[in-house]
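J.: Sharing a structure below in structure tokens format, with a few things to ask.
The values are calculated or read from the model by the stated rules, or taken from the named source; none is laboratory data. Everything numeric here is computed off the predicted structure, so don't read it as measured data. In this analysis, Cβ positions are derived from the backbone assuming ideal geometry, glycine residues included, and neighbour counts consider all displayed protein chains.
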Amino acid sequence: SYLKMCHTGPDLVKCAIANGNAALPELLKGNEELKIPNMLPLSFPEILTDTGNLRMKFNNLEVHGLDTVTLTDFRVDFDKRTIYVTIHADKLEIRSQYDVDGKVLILPIKGNGKCVVELENGDLEYTFKYRLEDKNGVEYSMVEPDDVMEFKIEKAHYNFENLFNGNKQLGDNVNKFMNEHPQEFLSEFSGTIKATLTSIARDITRGVFQNIPFKDLFIM
């Protein structure tokens, strides 16, 4: 198997990072036994976000570029049964059909059509708790639902087609404004991005931790 166990001790972090990065390319291809879907690309039928000022719906959303992801930190607090994972992504590209209505900063935005969002140099921090559950005399680490995803993206670029019913001048102006203020717009879209990234992290962590005995992941 491409999933290797690690000894708990001073070299746990180093071992987990090395083994995790060795396994990631295979995990991203999908694994039926671990119930992990193919993530090259990863597809979502629909994602909805509503901040009050901005309502966004994305259909047939695809995330490309997960093969640029590397594990940069992995820490386990066995007493608190909490795992902290840090991941770096060189470049992710989100492609989708969108429907948006509302206001971003001072700018009204409305439209539907195709969109592409490019994200570069992202650092993702994913924290989750687990509980040990006995299944036929074997302990498994079951991932709790109260996981937390935080992320920082260095660069972002947006292209939303057919804004304002295809009014090219208005659409070009909005796209230009978004790309002149990428971080401000990133905060508005953070709900969609966070939901997407959290789903990816959940699929992998639950697939690995809930289907492989705890003793086969960590040698105590």
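J.: Under 6 Å by Cβ, and 6 or more places apart or on different chains, what pairs join a residue from the range 201-220 that is surrounded by 18 or more Cβ atoms within 10 Å (Cβ to Cβ) with one that is assigned to a helix (DSSP H, G or I) and not charged (D, E, K, R)?
T.: Short answer, once both residue conditions are applied: 204/27.
J.: Just to be sure I understand the filter: pairs with C-beta atoms under 9 Å, separated by 6 or more residues or on different chains, first member in the range 45-74 and within 26 Å of residue 125 (Cβ to Cβ) and free of Cβ contacts under 8 Å to residues at least 12 places away in the same chain, second member among the polar types (S, T, N, Q) and crowded, with 16+ Cβ neighbours inside 10 Å. Which pairs pass?
T.: As it stands, the answer is 48/192, since those pairs meet every condition given.
J.: Residue 165: over 30 Å from residue 134 (Cα atoms), buried (at least 16 other Cβ atoms within 10 Å of the Cβ) and of a type in the set (S, T, N, Q), yes or no?
T.: On the way: over 30 Å from residue 134 (Cα atoms): yes; buried (at least 16 other Cβ atoms within 10 Å of the Cβ): no; of a type in the set (S, T, N, Q): yes.
Against the criterion (over 30 Å from residue 134 (Cα atoms), buried (at least 16 other Cβ atoms within 10 Å of the Cβ) and of a type in the set (S, T, N, Q)), residue 165 does not qualify.
J.: Sticking with this one: Would you point out the residue of the range 178-220, among those that are part of a loop (DSSP other than H, G, I, E, B) and over 20 Å from residue 65 (Cα atoms), that is nearest to the chain's Cα centre (by Cα)? Break it down into steps so the answer makes sense when it comes.
T.: Narrowing the range 178-220 to residues part of a loop (DSSP other than H, G, I, E, B): 181, 189, 210-213, 220.
Next, from what is left, pick out any that are over 20 Å from residue 65 (Cα atoms): 181, 210-213, 220.
Values: 181: 23, 210: 19, 211: 21, 212: 22, 213: 25, 220: 30 Å.
Here the answer is 210.
J.: Could you give me the residue pairs with C-beta distances under 7 Å whose first residue belongs to the range 124-141 and is part of a strand (DSSP E or B) and surrounded by 19 or more Cβ atoms within 10 Å (Cβ to Cβ), whose second residue is of a type in the set (Lys, Arg) and at pLDDT 95 or above wherever it lies, and which are 6+ apart or on separate chains?
T.: These pairs meet every condition: 130/81.
J.: To continue, here is another question. If residue 10 satisfies every condition in (1) in a loop (DSSP other than H, G, I, E, B); (2) within 25 Å of residue 143 (Cβ to Cβ) but one, which is the exception?
T.: Evaluating residue 10 over (1) in a loop (DSSP other than H, G, I, E, B); (2) within 25 Å of residue 143 (Cβ to Cβ) leaves (2) as the failure.
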